[in-house]
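The values are calculated or read from the model by the stated rules, or taken from the named source; none is laboratory data. Bear in mind the structure is a predicted one, so any value in this text is a computation, not a measurement. Positions of Cβ are backbone-derived with ideal geometry, glycine not excepted, and every protein chain shown enters the neighbour counts. Side chains are part of the model used for accessible areas, which takes the heavy atoms of the whole protein and leaves out ligands, DNA and RNA. Shrake-Rupley method; radii C 1.70, N 1.55, O 1.52, S 1.80 Å.
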Amino acid sequence: EGGRPIAVVTGASAGIGAATARALARDGFEVVVGARRRERVEALAHELGGRGRALDVTDAASVEAFCRDLERVQVLVNNAGGALGVDPVATARDEDWQRMYETNVMGTLRMTRALLPALEASGAGHVVVIGSIAGFGTYAGGAGYTGVKHAERAFARCLRLELVGRPIRVTEVDPGLVETEFSLVRFQGDAERAASVYRGMTPLTGADVAEAVAWA
């Protein structure tokens, strides 16, 4: 088939996702971007000459609708995710953990499973999982988030074994601290607390992570 290769990016309304969409568009991909904030992804798609669609990776019907007409996809970037709270286990909130698991782990499963046939049909598929240094270590107050990122890392490693001999590569990109809306979301909009996470250091940017994805 002619035309540009297709790259799907989830969680593309801001931060790493938006930066990755821009980097892949620069490299010649037609980007199909999804996020819950529809107006943001539609504006990004317009800017990049791609397609923007509402996508909630925690909703199976939303994932199915998003993926329905995608027949040959070269790249899937599973970026949708995030952290909620820094409560210790003793006071952990079920709803925060469930939301993190649904977004980071189940969202990655739903998108990957839905697009595996299209990735294989392209003859050169590539699944990218945006993980985190939190998939390698732990810290007090981080059981929920490090748990889901460890799970995503296991997902990627198992998927790689399952796809041996088929034309799909699997890559994990596991950044450390990246200054995006990540901490603002984690601390329920507390801008001062979010800013304090990056004080006294130069964190990575979304564009840094996007460069790693584009290189891979």
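Within segment 48-102, work out how many residues are closer than 22 Å to Ala25 by Cβ and either touching a His at 6+ places or on another chain (Cβ under 6 Å) or part of a loop (DSSP other than H, G, I, E, B) (or both).
Within segment 48-102, residues that are closer than 22 Å to Ala25 by Cβ and either touching a His at 6+ places or on another chain (Cβ under 6 Å) or part of a loop (DSSP other than H, G, I, E, B) (or both) number 14.
Out of curiosity, is Ala134 without any contact (Cβ under 8 Å) to a residue 60 or more places away in the chain and among the aliphatic types (A, V, I, L, M)? Answer is yes for this residue.
Only one entry of Gly206, Gly131, Gly144, Gly125 meets the criterion of being out of contact with any strand residue (DSSP E or B) (no Cβ under 7 Å at 6 or more places or on another chain) and among the small types (Gly, Ala, Ser), and that entry is Gly144.
Here segment 24-47 is the region considered, the condition is being in a loop (DSSP other than H, G, I, E, B) and without any contact (Cβ under 8 Å) to a residue 40 or more places away in the chain, and the residue that is nearest to Val105 (Cα to Cα) is Arg36.
Taking residues in segment 153-182 that are closer than 17 Å to Ala14 by Cα, and partners anywhere that are acidic (Asp, Glu) and open to solvent by 50 Å² or more (accessible area, probe 1.4 Å), the pairs with Cβ atoms closer than 9 Å and at least 6 places apart or on different chains are Pro175/Asp208; Val178/Asp208.
Quick one: is Ser122 of a type in the set (S, T, N, Q) and open to solvent by 20 Å² or more (accessible area, probe 1.4 Å)?
yes
Checking the stated criteria, Ala154 turns out not to satisfy the condition of being touching a Pro at 6+ places or on another chain (Cβ under 8 Å) and surrounded by fewer than 13 Cβ atoms within 10 Å (Cβ to Cβ). I'd like to verify a number: residues in segment 160-178 that are over 14 Å from Ile133 (Cα atoms) and surrounded by fewer than 19 Cβ atoms within 10 Å (Cβ to Cβ), how many? Result for segment 160-178: 10.
Within segment 2-20, at least one residue is surrounded by fewer than 23 Cβ atoms within 10 Å (Cβ to Cβ) and without any contact (Cβ under 8 Å) to a residue 12 or more places away in the chain.
Note on segment 48-98: residues that are within 20 Å of Val213 (Cα to Cα), open to solvent by 60 Å² or more (accessible area, probe 1.4 Å) and either free of Cβ contacts under 8 Å to residues at least 60 places away in the same chain or among the small types (Gly, Ala, Ser) (or both) amount to 1.
Is one or more of the residues making up segment 136-149 more than 20 Å from Ala14 (Cα to Cα), open to solvent by 50 Å² or more (accessible area, probe 1.4 Å) and in a helix (DSSP H, G or I)? Scanning segment 136-149 turns up no residue that is more than 20 Å from Ala14 (Cα to Cα), open to solvent by 50 Å² or more (accessible area, probe 1.4 Å) and in a helix (DSSP H, G or I). Within the set Ala212, Ala207, Ala216, the sole residue that is modelled with pLDDT of 85 or more and either hydroxyl-bearing (Ser, Thr, Tyr) or open to solvent by 50 Å² or more (accessible area, probe 1.4 Å) (or both) turns out to be Ala207.
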